[in-house]
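The values are calculated or read from the model by the stated rules, or taken from the named source; none is laboratory data. Computed from a predicted model, the values in this text were never measured in an experiment. Here the Cβ positions follow ideal geometry from the backbone for every residue, glycine too, while neighbour counts run over all protein chains shown. Heavy atoms of the whole protein, side chains included, go into the accessibility calculation; ligands, DNA and RNA do not. Shrake-Rupley method; radii C 1.70, N 1.55, O 1.52, S 1.80 Å.
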Amino acid sequence: MMAAPTSVVVLDRGNNTTVTINLHGATVVSWRVNNQEQLFVSKQAQFDGKKAIRGGIPFVFPQFGQWNYGPQHGFARIIRWTLEKSPDRLPSGDVEAVFSLMDSDFTRSMWNFPFRLTYRLILREKELHFNICVYNPSKDLTFSFNLLLHTYFKVPDVRRCQITGLHGCTFIDKTRDSTIYQEGRDVVQISEWTDRIYQNTPQEHIITNVVSGRKMRVQKYNFPDTVLWNPWEAGAKELADFGDDEYPNMVCLEAGHVSSPVILLPGTAFEASQILQVM
Ligand code: TA6
């Protein structure tokens, strides 16, 4: 009896510092720093290989949000990726692995373009690095896409988190008919249903009061936008794969290129990266 192909890849740096990736959507489903989990995954998350995993870091491509051609947030987070390079310890002691996704009959049935996605993760002592490359192998087709890392941070109580790096930015408020406002606060706190696409945000955000009372630094490159989301009480109840009582224990702060699409000419590549650091 052939063993089922593995769907889970673990990078182990030692000292109980690990990152676990489910090949379904190349979804990071766990990041433990000295045995402390940094990411939120719903107790009701589905791992049936059909829908996106509710939590961790779903990979959003080629569409952010509603899409006439396919599922919300695109197809990358609901298809199986390839482990391109198995976990490998670098001279620095860090551990890296590379995942890839390319077009298929399934993807072309929704979005008729060839593409090559490579997704490199590097696990450092208290940091997780993400390097993404989107390549257009076509000779004559230009395509456009959104790209976003839909990160669910685990927090003891979202109402006690403070988020910096949004002051002065315009944002699309999806809780208020997608009207555009400007953020007047130096420090943003969440005390209600929040679903905002902040535009042209700084490269760095800090979230206070994540797990163990620590801070999380988020640094992003070529991700001009930052999405902030918490479904709150009513929204949690509407999500079948999200516990009614789980909303206080998560905050999504998502680095992305979503306000405007990336336009990729034939034979060219787009690169973006993110660094998460426990402070
Ligand atoms: O990133 C915020 C958001 O776009 C919200 O509007 C909410 O829909 C969330 O994504 C989760 O979307 P999902 O398709 O994973 O249920």
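Counting only protein heavy atoms and a probe of 1.4 Å, the accessible surface of the stretch 8-278 is 46% carbon and sulfur.
Relative to the 2.2 N^0.38 Å rule of thumb, the stretch 1-82 has a C-alpha radius of gyration ratio of 1.19.
In plain terms, if you count all Cα to Cα distances in the stretch 106-206 and split them into 5 Å steps from zero, the share in each step is 2, 9, 13, 17, 15, 14, 14, 10, 4, 1, 0 percent. With a/c under 1.5 counting as rounded, go ahead and sort the stretch 8-278 into rounded, prolate or oblate using the C-alpha gyration tensor (a ≥ b ≥ c being the square roots of the eigenvalues; past the cut-off, prolate if a/b is larger than b/c, else oblate). Rounded. Counting 0.36 nm for each residue step from residue 191 to residue 140 and taking away their Cα separation leaves a gain of 13.5 nm.
Which pairs in the list 43/154; 43/174; 139/220 are over 24 Å apart, alpha-carbon to alpha-carbon?
43/174; 139/220
How much net charge surrounds residue 143 when only other residues with a Cβ under 14 Å from its Cβ are counted (Lys, Arg +1; Asp, Glu -1)? So the surrounding residues net to +1.
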